[in-house]
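Before any comments, here is the structure.
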Amino acid sequence: MLVLGIESSCDETAAAVVADGTRILSNVVASQIKIHERFGGVVPELASREHLRKIAPVVDEACRQAGTTLQDIEAVAVTEGPGLIGSLLVGLVYGKAVALSLGKPLIGVNHLEGHIHAVLLHNTIERLAGKPVPAAGFPSVTLVASGGHTSLFRVDTDFAPGTGSPSFSYKMLGQTRDDAAGEAFDKVAKLLALGYPGGPAIDRLARHGNPSAVKFGRIRMKGNPLDFSFSGLKTAILYRVRGTPLASEAEERRTWRSESPDDVSLEELRAHCSQTTLDLVASFQRAVVTDLIERTLAAATGAGIWTLFVSGGVACNSLLRERFAKAGEEHGFNVFFASPRLSTDNAAMIAAAGYYKLAAGQRDDSSLNAHASFPLGNNPA
Ligand code: KG4
Ligand code: ZN
């Protein structure tokens, strides 16, 4: 079944064509980074305006690259939430219009469900290509860590009645109470004038810093120990910077960046950072990564589950990947990641998640609507 996936929940206008939930025929992402960069974060009004400009060309390009036409598409899967409402509406209405006008089945997909399916999709692609990787099975404990979300889910699979197709169920085990992990990376990078999005910049700069230089206390949670909170860490960084030479260094960097051409290289950026700044970002990154890994392992151990999925933009982080792989080896967990391209927002993950819903007989109709808040799975007991 050829599924057209559409994703527009935040600042990427994305469309993809995926066959049978397993083969990516195209995966087009129009990023708005250049538009939001100078604000150090996504500006919702600008995001929806840009989605409006891009949605039709991006869907056309996805069809062109897949060597297909909208008429040949067999179903449309579109992100219905959570996300920025103005952004979501653009993709949702476009997807709905394509499906209804051509008489194709339509299915709404939760963005977080898409991130979870990105890991399964990547694993399936690798195995179909003959790579000697273990099969990503269920139940799994999945960490979704992105700019908008930091959540832990237990994912189970069963067969949808009468179809022989797998169906998936999700139980939310924990979530952030304030900032998302990616948001913390972005805000710290903004404070230190390291560029936007902050995660990739901090990831690269941290390799040149000492992660033990600054000791941040463990993040303690009252109530559900599988919840996250990164705002305290962000504030701790603010106090270490405000009124110190690090603040004037960041101001100089801000001026230098505003006068520089669009793209500055890592080497140039590094040359504008003192060792103290590099040590601070390395220590910050280690604190976030340690917290993400410890809570994920605690969730898995508590549930007696040995399969871990890690997804969302923060799953691109090199220290996170390294440390998860090591923890997996040490404690006997099978850890699965998606490729970096499938970890950040994309529509192939939406098409793949939608495929399983469609194969299980689910359909949406013209009443499908967008939801800024759209929890996946039931809340922790
Ligand atoms: O999944 P995503 O593309 O969009 C959302 O659903 O939010 O995630 C984007 C987030 C940004 O906050 C970005 O800074 C972060 O992922 N990110 C990273 C890295 N690459 C992207 N964070 C840490 N290390 C990275 N290498
Ligand atoms: Zn996302």
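The values are calculated or read from the model by the stated rules, or taken from the named source; none is laboratory data. Owing to the predicted nature of the structure, the values given are computational and were not obtained by experimental measurement. Neighbour counts run over all protein chains shown; Cβ positions are idealised from the backbone, glycine included. The area values use the complete protein model at the heavy-atom level, side chains included, leaving out ligands, DNA and RNA. Shrake-Rupley method; radii C 1.70, N 1.55, O 1.52, S 1.80 Å.
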Estimated D of region 87-240 in µm² per second, where Rh is the Kirkwood radius over Cα pairs and Stokes-Einstein applies at 4 °C, 1.567 mPa s:
68
Roughly how many nanometres apart are two label points built 7 Å out from the Cα toward the Cβ at residue 158 and residue 373?
2.8
So how strong a dipole does the chain carry about its Cα centre when Lys and Arg Cβ are +1 and Asp and Glu Cβ are -1, to the nearest 20 debye?
740
For the chain, with a Gaussian network of springs between Cα atoms less than 10 Å apart, report the residue from 357, 326, 190 with the top mean-square fluctuation.
326
Nearest 10, in degrees from 0 to 90: the angle of helix 44-66 to the longest Cα principal axis of the chain is 50
Order 255-265, 89-99, 30-40 from most to least packed using the mean count of other Cβ atoms within 10 Å.
89-99, 30-40, 255-265
Any chance you could check the Cα centroid distance between region 229-307 and region 27-75 for me, in angstrom?
29
Cross-link partners among lysines for residue 190, C-alpha distance below 23 Å, same-chain residues fewer than 8 apart left out?
34, 215, 234
Mind ordering 289-300, 192-203, 125-136 by average Cβ neighbours within 10 Å, highest first?
192-203, 289-300, 125-136
In Å, the Kirkwood hydrodynamic radius of the chain over pairs of distinct alpha carbons?
21.3
Cα gyration tensor of region 131-187, axes a ≥ b ≥ c as square roots of the eigenvalues: rounded (a/c below 1.5), prolate (a/b > b/c) or oblate?
prolate
Under a straight-distance cross-link criterion of Cα-Cα below 29 Å, which lysines are reachable from residue 357, leaving out those fewer than 8 residues away in the same chain?
54, 96, 104, 131, 171
Among 148, 174, 217, which one shows the biggest mean-square fluctuation in a GNM of the chain, springs joining Cα atoms closer than 10 Å?
217
For n ≥ 4 DSSP H runs only, could you compute -39500 (n - 2.57) per run for the chain, divide by its residues and tell me the 222 nm figure to the nearest 500?
-14500 deg cm²/dmol
Checked region 27-130 with the C-alpha gyration tensor, a ≥ b ≥ c its square-rooted eigenvalues, rounded below a/c of 1.5, otherwise prolate if a/b is larger than b/c and oblate if not; verdict oblate
Would you kindly state how much longer the chain becomes between residue 212 and residue 238 on full extension, computed as 0.36 nm times their sequence separation minus their alpha carbon distance, in nm to one decimal?
7.5 nm
When only Cα pairs under 8 Å and 6 or more residues apart are kept, what is the percent relative contact order across the chain?
27
About the Cα centre of region 53-195, how large is the charge dipole given +1 on each Lys and Arg Cβ and -1 on each Asp and Glu Cβ? Please answer in debye to the nearest 20.
160
What number, in percent, do you get for the relative contact order of region 157-304 if the mean sequence gap of Cα pairs under 8 Å and at least 6 apart is divided by its residue count?
33
Gain in span if fully extended, residue 247 to residue 61, counting 0.36 nm per residue against the direct Cα distance:
62.5 nm
With every protein chain in place, what's the accessible area of residue 138 (1.4 Å probe, Å², nearest 10)?
60
